Amino acid sequence: MEKKNSSITYKEIYEQPASFQGINDTLSDIYAVLDKVFAKENHYDELIFTGCGTSLYLAQSAAHAFSTYNSIPAKAVPCSELLFFPENFVKGRKVLVLPITRKSYTTEVRMAIDKIKTFPDVKTLAITCDIDSKIYNDDVILSPVTAEDSVIMSRSFTSMIYLSVIMAMYVGGKKNEIEAMSNYAEIAKELLVKMDSMAKQMVTENPNINLFITLGQGVYYGIANECMNKMKEMGIANSEAYYSLEYRHGPMSLVDKNTLILTLANPTSVDYDAKLLTQMKGYGAITAAIGENVSKTMADAKYKLDLTYGLNDMQYAAAIGFIGQFIGYYIAEKKNIDADTPRNLSQAIVL
């Protein structure tokens, strides 16, 4: 794993299993906080997951996961919307707002939380890698082994996805599904190697790709957005993300032989995803799929990686995002860009 450029980022990508293990090792602390926040006397009209950039994409997947396991409505909203239009989201209702942050000092997050907490019946639960988030939130659940030196979010993103899915399962009474992820660190180690190889192959075998598309439905939509973001941040590449079936509604007009279309195949939508990839292949696109049994269900894709660990889409959500990190890394390597010092970016935006 010795790399000249992007060595910090590449190293931290491979440190993600330790972050998952850190969460599994502190589940009792996490459960204690969730028992308090979701006690019977605390009725919420809605949960609002919020963040900026990568954390907003995380919020999209977290809201979907929570809605899957629970009857309380949940949605994702950018911090800036809560800051500028708080009445639209919290006025006259009992709302739990869940800011998602790698660092506690991102200005938009602090400002948004300060604003919405001026309304009665609003509580906050931070999903975070920074214990200092407790300074301005009512409660915190923490990914404790996730410090990053890189500007690029890798292990912070996936560990907070993992944390969000655990929260959704626990509150929804599906502790057995959490227990099924007790060996997640080992699964992650294997998938890192497989996705590293897949990403390198796709980028090196197709040097003329100038448009990278990631598609996903359900919990994978937010992950698809983050894959898009990694390709932009690390590789300064033209990248886009969509709900899978939305891609036909206009965006596919850009498809040609220099387009890579990667589908994060959700079991619920895989039959439709397969037909879409076949259609895009017919327009010249290079196609790829990751998911359960995609070698069979999406046999027409040029590149395929089967997820073979017997987990569901919620449980795979954290690990499936590795692919975007590796594609971004190999685009940067091809262009001789150092992803450790991405253009115009910093670890947290301070206004």
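We did not get these values from a lab; they are worked out from the coordinates using the rules stated. All figures in this text were calculated on a predicted structure; none of them were measured in a lab. All Cβ positions, even for glycine, are placed from backbone atoms using ideal geometry, and neighbour counts span all protein chains on display.
Would you please give the FRET efficiency between residue 190 and residue 72, computed as 1/(1 + (r/R0)^6) with r the Cβ-Cβ distance and R0 = 41 Å, to the nearest 0.05?
Values: r = 35 Å, r/R0 = 0.85.
Efficiency computed from Cβ-Cβ geometry: 0.70.
In the frame of its principal axes, the range 53-117 has Cα extents of 31, 29, 14 Å, reported largest first. Taking label positions 7 Å along the Cα-Cβ direction at both residue 248 and residue 208, the computed distance is 2.9 nm, reported to one decimal. A simple spin-label model places pseudo-atoms 7 Å from Cα toward Cβ; at residue 256 and residue 308 they are separated by 3.9 nm. Each residue of the range 324-331 is assigned a 3J(HN,Hα), and the resulting list reads x, 5, 6, 4, x, 4, 6, 5 Hz, derived from the Karplus form 6.51 cos²θ - 1.76 cosθ + 1.60 (θ = phi - 60°), x at Gly and Pro.
Note on the chain: GNM, Cα springs under 10 Å; of 43, 64, 249, the largest mean-square fluctuation is that of 249. Extents of the chain, largest first, come to 55, 40, 40 Å (Cα atoms, principal axes, whole angstrom).
So, counting K/R as plus one and D/E as minus one, what does the shell of residues with Cβ under 10 Å around residue 17 add up to?
Charge balance in the 10 Å sphere: -1.
The lysines within cross-link reach of residue 91, meaning a Cα-to-Cα straight distance under 19 Å and a gap of 8 or more places when in the same chain, are 75, 115, 117, 123.
Have a look at 266, 137, 206 and tell me which one the Gaussian network model of the chain (Cα, springs below 10 Å) gives the largest fluctuation. In the Gaussian network model the winner is 206. Taking a ≥ b ≥ c as the square roots of the Cα gyration tensor eigenvalues, with a/c under 1.5 meaning rounded and otherwise prolate when a/b beats b/c, else oblate, which class fits the range 220-262? It is oblate, given that a/c is not under 1.5 and a/b is not larger than b/c.
In which sequence would 145, 33, 165 go, from the one with the fewest C-beta neighbours within 10 Å to the one with the most? Result, fewest neighbours first: 33, 145, 165.
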